[in-house]
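Remarks on the structure that follows.
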Amino acid sequence: PIHPKNLWLHEDPKGHAEVDDIYRGNIKRLQQRGTWTPPAYPVEGAKYKGGPDNPQDAYEAIKDLWKPWDKD
């Protein structure tokens, strides 16, 4: 299999960083099988970099993304 089955059947879903490792392993397996060819130029790609620990801070950070379109 490419993706492990029933990952969260007996435990809670993992966070972004742990899931990122699972997806990168899936990509490596596809490369080893010859199903997917990596780009000609190596790039790190998108990666989860963490965020605020406090939910209110996270909410404020997300709201800031909309400031360029805020009409108030």
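Quick look at the numbers
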item	result
Gaussian network model of the chain, Cα within-10 Å springs - most flexible of PRO38, PRO13, PRO52	PRO52
Length gained when the stretch LEU9-ASP21 is fully extended (0.36 nm per residue, less Cα-Cα span)	2.5 nm
Accessible area of LEU30 in the full protein assembly, 1.4 Å probe (Å², nearest 10)	40 Å²
Percent accessible area from carbon and sulfur atoms, the chain, protein chains only, probe 1.4 Å	57 percent
Residues of the chain: accessible area per residue with a 1.4 Å probe, Å²	95 Å²
Acute angle (nearest 10 degrees) that the helix 55-65 long axis makes with the longest principal axis of the chain, alpha-carbon atoms	90 degrees
MRE, 222 nm, helices only [DSSP H, n ≥ 4, -39500 (n - 2.57), over the chain, to nearest 500]	-13000 deg cm²/dmol
In Hz, Karplus ³J(HN,Hα) per residue of region 25-32 (6.51, -1.76, 1.60; θ = phi - 60°; x = Gly, Pro)	x, 4, 5, 4, 5, 5, 5, 4
Residue-level accessible surface for LYS28, protein heavy atoms, 1.4 Å, Å²	130 Å²
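The values are calculated or read from the model by the stated rules, or taken from the named source; none is laboratory data. All figures in this text were calculated on a predicted structure; none of them were measured in a lab. Ligands, DNA and RNA are excluded from the accessible area calculation, which covers all protein heavy atoms including side chains. Shrake-Rupley method; radii C 1.70, N 1.55, O 1.52, S 1.80 Å.
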